[in-house]
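Here's the structure we're looking at; comments come further down.
The values are calculated or read from the model by the stated rules, or taken from the named source; none is laboratory data. If you're wondering where the values come from, they're calculated on a predicted model, not measured in any experiment. Quick reminder, even Gly has a Cβ in these numbers, built from the backbone with ideal geometry, and neighbours come from all protein chains shown.
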Amino acid sequence: MQKGHSWVFIVLGLFGFMVSSVTLPYAEEPGAVVDGAGFTLYDTESIKGFDAAKVEQDPICDRNKRPRIAKVEPDEAKPGDKVVITGENFGTKECFHAVTFSAASNTPVLFKFMSDTAIEATVPDAKAGMSVVIIVAGGGSAQSKPVLIKSK
């Protein structure tokens, strides 16, 4: 059931003023749809229960520390070779997301998280030439100086 209140608005303009009356509906029942609200949360299923053990296991990622790549060694490699990316603020294993090479940006890269300052990655099948290594961690992304990908 909806009821409404009448409101009187006075609009001033270049040629004087105009008086207008508008009826605004309000919801009397919980979850009723109010015109103009756009949505309702009535009958929306809430999150049920609380599992303290699961919450304890959730990683806490520091989003304030931006990662930085200091170097990639070796700086010349072929597809299938392993390179070590060193730097700072890579975060934790749970908060580290991805490694990509610009020469093969759509190719998933296998990597091994070693520490907050080191990642080992396998060079993907990519066209020979210069490429940058990009990492994505909890605090953002970082890009290396160019490395040379040699042909197989």
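Structure above, values below:
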quantity	calculated
Inter-residue pairs, beta-carbon under 7 Å, first farther than 16 Å from A118 by Cα and outside the structural domain of S141 (by TED's automatic domain parsing) and in region 65-89, second of a type in the set (A, V, I, L, M, F, W, C) and modelled with pLDDT of 95 or more, 6+ apart	none
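Yes/no per residue for (1) touching a residue at least 40 places away in the same chain (Cβ under 8 Å); (2) out of contact with any Ser or Thr (no Cβ under 9 Å at 6 or more places or on another chain); (3) part of a strand (DSSP E or B):
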position	(1), (2), (3)
G91	yes, yes, no
P124	yes, no, no
S141	yes, yes, yes
K145	yes, yes, no
